Amino acid sequence: MDQFASIKSDVNVASNKKRLLLLQDKTSLVVGLAAGILQLESLNGFYMFIGSFMSIGALYILWICQLKPYKYYQNPIQEIFLEHFFRELMGFVMAWTFSYALIG
């Protein structure tokens, strides 16, 4: 029975990745808007992004994965924290500069 415990369905892993990506997309845009509205500049905005990105990943592991991300992902650290980092950073910067320009 233990030999099947490590087998993960590719369809389920892809579904989990899609769910996480949607969550990360939405939160990076919202946090970017908040950074622009707060008129954050330079490293303060990037610190806000890093803090929110890591917090969302930790909350996802805690709440959705229930501290067992290895059950839902083949390589949890890479897939949750590293795989879409630059995509989310670009979304954050886009929303940040857009809202900063509108408010400022």
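Here are some notes:
- Local electrostatic count at residue 73 - Lys and Arg +1, Asp and Glu -1, tallied over other residues with Cβ under 13 Å: +3
- Among 55, 99, 28, sorting on how many other beta-carbon atoms sit within 10 Å of each Cβ, with the fewest leading, yields 55, 99, 28.
- Charged neighbours of residue 12, selected by a Cβ distance under 12 Å, balance to +4 (K, R count +1; D, E count -1).
- By the Stokes-Einstein formula, at 1.306 mPa s and 10 °C, the chain with its Kirkwood radius over alpha-carbon pairs has D equal to 108 µm²/s.
- Axial C-alpha extent at least 30 Å, average Kyte-Doolittle at least -1.0 - helices from the chain (DSSP): 10-37
Only the coordinates and a few stated rules stand behind these numbers; no lab work does. Everything numeric in this text was worked out from a predicted model, so none of it was measured. Don't worry about glycine lacking a Cβ; one is built from the backbone with ideal geometry, like all the others, and counts go over all protein chains shown.
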